[in-house]
Structure formats: C-alpha cells, structure tokens
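Step one of this worksheet: look at the structure below.
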Amino acid sequence: MSVFKDKKILVAITAGIAAYKTTFLIRLLIKEGAEVKVILTPDATAFVSPLTLSTLSKNTIAYEFNKADGTWNNHVEYGLWADIMLIAPLTARTLSSMATGYCDNLVLGTYLSAKCPVIVAPAMDLDMYQHPTTQRNLELIQTYGNIIIPATSGELASGLSGQGRMEEPENIVEFLRAYLSSSLKLQGKKLLISAGPTYESIDPVRFIGNHSSGKMGFELAKAASNMGAEVILVSGPSSQSVEGFPIQRIDVTSALEMLDAMQNNFDESDVVIMSAAVSDYRPQDIADQKIKKDLDEMTIKLVKNPDILHTLGHIKRKKFIVGFALETQNAIENAKSKLKRKNVDLIVLNTLEDAEAGFGKDTNKVTFITQEDQPQQFAAKSKEGVAKDILNYIAEKIN
Ligand code: C5P
C-alpha cells in the first residue's frame, strides 16, 4: 500500500513560473492515494488557474482570506487538516515572509498556524537563489523546523542556466515518500501513554492533586500518532486536547482508576509510557459529605497509592516501558536506581533546577537513563521536540 494512502497534503502555490509543474505534482499525489487541498497566493493565480487546480485536486481551492459569499477561508483549519504542508514553488518573497513572520495572504497565514511538517521546494532565478539573503532565509526557516527540497540546476525561465529550478514533480513525490516512510517509524505499534495529574478525593468537593498540566503526555500521544502508532492515552484531569488525532482517550481521576485503565490496556500494548504525575498518597477515607470547617485543626490520614510504573514494570512481558523522573539531588544516581527498581527500559530524567524544565512549562530539558548506555543529555526544547526525541529512541530500540 502506498504511504500516501489517505495522507492529507496541503499544496501551497506561490507566484513563480514553476507553478505549472505543481499541476503535474498534484496529479501524481492523487494517483498515489493522497487527499490534496490547494491554496495559492493571490499572485499565483496568474500562473495556474484555480479551475485547473480544483479539477486536478478534486477539491475546492482558496487564494484569499475572504470568500465571495462574505465568509472567510479559515487558515487555521487548513493548517490543522494537513498531515504535510508542501509549498511548491516557493518564491523569494514568500521565503522572506516565512523567515520574518510577515503575513499578508492566506498561504502565509496557513503556514504560521500549521501544526504539521512544512516542506518547501524553492524556485527562482539563479542570482536570486544565490543571494546571501535568500541563502540566509533558507537557513533560518530550517531552524524553525521546515524541510527544504533544494532547487536543482538547469535552464531557467530567464534564459540563464544554473541552480534555481524547482525540483521535478516525480522527485518531489519520491522525497515525500521517503519522508513519510521514515516518519512512520511506529506504524503497526500500539502505545499506551499516561498523562496529567491524579486527583485524590478528600470529600465530594475537595481533593489532593498537583500542578501537572499533562502537556508532556499529550505531546507524546500526538507525536506517536503522527509516527503511525495506535495510541491509547490514559489521562488524569487536564485541559489538554487530542482533538483531530485518531487517539483513544480514557479519562480517569484517581491513581487507582489510572492503574485500572493502564492494566486493562497493558496486554495489547507494545510500548508503555508513564508520563503522568501520579499522587503518591490518597486519603484513607473519603467523606460522604462535604467536611465542615468547625475544627481549628484537622488531620487527613493518607495511605500510599500503588506505584503504577513499578506494577507494570514487574509484569513486563517484553514491552518497552518508559518512566519519567524528576529529581532535585543526585539526579543521575537516583534515576538509575529507579530504572532498576521499577524494571523499566528508559527513564526520562528532568531536574527542577532548570528554568526551562518542569510542570506547566512549554519546554523541557531531559536526560535519558538506560541500563546499557551512558546518560544522554538533550538541549532544552519544546515538549513536542522532547516527545519526538523519546519516540525516535523507542522506535530505534524496538524495530
Ligand atoms: O518514583 P517516582 O514518583 O519518582 O517515579 C516517577 C515515575 O513513576 C513516573 O513515570 C510516574 O508516572 C510513575 N509513577 C507511577 N505511580 C506512582 C508514582 C509514580 O506510575 N504512584
């Protein structure tokens, strides 16, 4: 089966003569089984007609924020819909807007709000392509995570010859095929992931909880799904969302409920990741009625919650099991002993001393602790980036 089957590819066309080649590219993508939507910059409509593009893509196309009927083309929805956004051809002008964040058309608005990988195929005259600002802008947009299909050498529309031609449609399809194949590293694997805090009831309205946002676990679930895995996400109370992803979400509240959900889905899983911040203790008794505040002091007796990771680690059955650790002292040593004690394959360690790591933050800085390798420290990056590092590591180990 083609890796393109049912993949949603958003083709964005900017105003370069190579736009005519993009029509062939769209045909090839459709033949491979991809679902294609096309957007253009307003100037690009002078190079290829919207009618040609809607016929080839079998979809309506858009090139302005506002539609003729007074409604608007929602750039955010395009960005969320796509599995890949391909900008081909990419002109020097759109490139410089991408580098600076300038946004004055639908293509740029969609680019800025896209959650999916963005791949660009530049096309311009050779001197424009060689210009230091163009080269610098290409380097810059790569640092934002965009992927570049370099221009090739040959005859150019100006009559000059040199580097600047958009890569041929067949080669762009092969580039995308290789990208999709390598990015689907977890295809056929089942991942069970826990996220968020647990809330331990004191009475019908009060609980003991913690500040975990669930962000790390949700990013793991989304990234795993993007890598082709079947994902079950067991989440404690969290405002995070996996909307739009084919992820089975099981909501739980307490540690005991989380244990139950994790055990029920353990057998089916190839990989288990415990990223939840499970409450270590729970009140021994939960009051039936709201507790009155007439006492000056009160004591709540706590009992230990089961350690879910430890429980699953000791069932093990050849699953690849990952836990997290947050240490404030002797971090590496403690994480190593946790790895052994809980019988897991990888501990993702973060330290609270770091301004860029921890609860509720958007970034994280982690070290991988395993039995066989030296601790591997990563630079601070977004939780989405950390999720990808973790999943790439797992994919390498289990494949
Ligand atoms: O022992 P510690 O709480 O530092 O271990 C953290 C790891 O253990 C995390 O992966 C967390 O999800 C998991 N854990 C658990 N059940 C608990 C406490 C922690 O699964 N009761």
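The values are calculated or read from the model by the stated rules, or taken from the named source; none is laboratory data. Everything numeric in this text was worked out from a predicted model, so none of it was measured. Virtual Cβ from ideal backbone geometry, glycine too; neighbours counted across all protein chains shown.
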- Message: Restricting to segment 270-285, name every residue that is of a type outside the set (A, V, I, L, M), part of a loop (DSSP other than H, G, I, E, B) and within 15 Å of the ligand (Cβ to nearest atom).
- Response: 275, 279, 280
- Task: Being under 26 Å from residue 394 (Cα atoms), away from the ligand (no atom under 16 Å from the Cβ) and touching a residue at least 60 places away in the same chain (Cβ under 8 Å) is the filter here, so list the residues in segment 166-191 that pass it.
- Result: 176, 177, 179, 180, 181, 183, 184, 185, 186, 189, 190
- Query: For residue 241, are the conditions met, namely being assigned to a loop (DSSP other than H, G, I, E, B), of a type outside the set (A, V, I, L, M) and closer than 30 Å to residue 203 by Cα?
  - Reply: yes
- Which residue pairs have Cβ atoms under 6 Å apart, sit 6 or more places apart or on different chains, and have a first residue in segment 318-329 that is over 15 Å from residue 275 (Cα atoms) and a second that is within 13 Å of the ligand (Cβ to nearest atom) and at pLDDT below 95? 328/352
- All but one of (1) out of contact with any Ser or Thr (no Cβ under 9 Å at 6 or more places or on another chain); (2) closer than 16 Å to residue 234 by Cα; (3) charged (D, E, K, R) hold for residue 257, so report the exception by its number. (1)
- Query: So which of 129, 111, 144 is touching a His at 6+ places or on another chain (Cβ under 9 Å) and of a type in the set (Ser, Thr, Tyr)?
  - Reply: 111
- Task: Report whether or not residue 194 is assigned to a strand (DSSP E or B), in contact with a Ser or Thr (Cβ under 8 Å, 6 or more places away or on another chain), buried (at least 16 other Cβ atoms within 10 Å of the Cβ) and in contact (Cβ under 8 Å) with a residue 60 or more places away in the chain.
- Result: yes
- Note on the structure: Subset of segment 231-257, residues within 12 Å of the ligand (Cβ to nearest atom) and closer than 28 Å to residue 396 by Cα, comes to 234
- Query: Could we say that residue 159 is free of Cβ contacts under 8 Å to residues at least 24 places away in the same chain and farther than 29 Å from residue 255 by Cβ here?
  - Reply: yes
